[in-house]
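The structure appears below as C-alpha cells.
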Amino acid sequence: MIPGTPSTQPIENQIRRLRFEHGEMTQEALAKAVGITRQTVIALESSRYAPSLELAMKIAEVFSARVDEVFYRRKSA
C-alpha cells in the first residue's frame, strides 16, 4: 500500500470474543456502556462498520484492553 492511501481492507475486531470472556456480556450491555445502539454493536461485530477513534477507545476501555487488541486489519498476503 502507498503511504497516505486509505486501505480498502475492513477493520476487524475481537468484540464478540471479548464480550464472552467478560461474563458473556450482551450486545445490549456493551451498547449501553459505550453509548451506542445494539444495532451498532451488531454492525461492528460483523465488520460492516468502522468505529470512530473515540468509540474504539471506549470499547477497549470496557474490556481493559488496548485499541489494537480489539480492532485490527488482516495482513495482506
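Quick note: the coordinates plus some simple rules give every number you see, no bench work behind them. Keep in mind the model is a prediction, meaning the values are calculated, not measured. With ideal geometry, Cβ positions are generated from the backbone for all residues, glycine too; neighbour counts draw on all protein chains shown.
Brief remarks on what is shown
- Phi angles across the range 39-53 convert, under the Karplus curve 6.51 cos²θ - 1.76 cosθ + 1.60 with θ = phi - 60°, into 3J(HN,Hα) values of 4, 5, 4, 4, 5, 5, 4, 8, 6, 8, 9, 9, x, 5, 4 Hz, Gly and Pro given as x.
- Computed E for Arg17/Gln39 - FRET, C-beta separation, R0 22 angstrom, nearest 0.05: 0.65
- Given charges at beta-carbon only (K, R positive; D, E negative), |dipole| of the chain in Debye: 200 debye
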